[in-house]
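What follows is one structure encoded as structure tokens, with my remarks underneath.
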Amino acid sequence: MVNHDTQGAAMIDQHRHASAETAATPDDRNLLRPVLWLLLILSAAANITMSVIGAYMIGSGFGLITVACTVALVVHHYRHRRA
């Protein structure tokens with residue numbers, strides 16, 4: 001976006017320019033969600049399996065991965081939802 005000062009010279013809106021550079025490309029966003037979902041499903045299955053066989057410490061690790069993937073998916077959703 002271009003703003004004009006009082007003398008008519010064009011100035012670049014620095015905030016808008018900086019946010020455009022740091023935004024993820026659509027390809028990055030399209031790849032991240034399926035990877036997070038896959039990790040979520042695999043870590044939840046591993047958590048259940050480890051809990052059933054009695055390996056609670058290992059299962060707890062997979063549980064933490066499951067929670068981290070869930071949080072990452074929620075954050076990703078709220079950052080990239082349409083207004």
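What follows draws every value from the coordinates through simple rules; no lab data is involved. Fair warning: this is a prediction, and the values are worked out from it, not measured in the lab. No Cβ is skipped: glycine too gets one built from the backbone with ideal geometry, and neighbour counts run over all protein chains shown.
Worth pointing out:
- Per-residue 3J(HN,Hα) values for region 44-54, derived from phi via the Karplus relation 6.51 cos²θ - 1.76 cosθ + 1.60 with θ = phi - 60°, read 5, 5, 5, 4, 5, 4, 5, 5, 5, 7, x Hz in sequence order (x marks Gly and Pro).
- Backbone phi angles across region 65-80, fed through the Karplus curve with coefficients 6.51, -1.76 and 1.60 (θ = phi - 60°), yield HN-Hα couplings of 5, 4, 5, 4, 5, 5, 4, 5, 5, 5, 4, 4, 4, 5, 6, 10 Hz in residue order; Gly and Pro are listed as x.
- Loop-resident sites, region 40-83, for trypsin sites (Lys or Arg not before Pro), counting at most 10 other Cβ within 10 Å (DSSP): ARG81, ARG82
- Cα→Cβ-extended label distance, 7 Å offset, between VAL52 and LEU73, nm: 2.0
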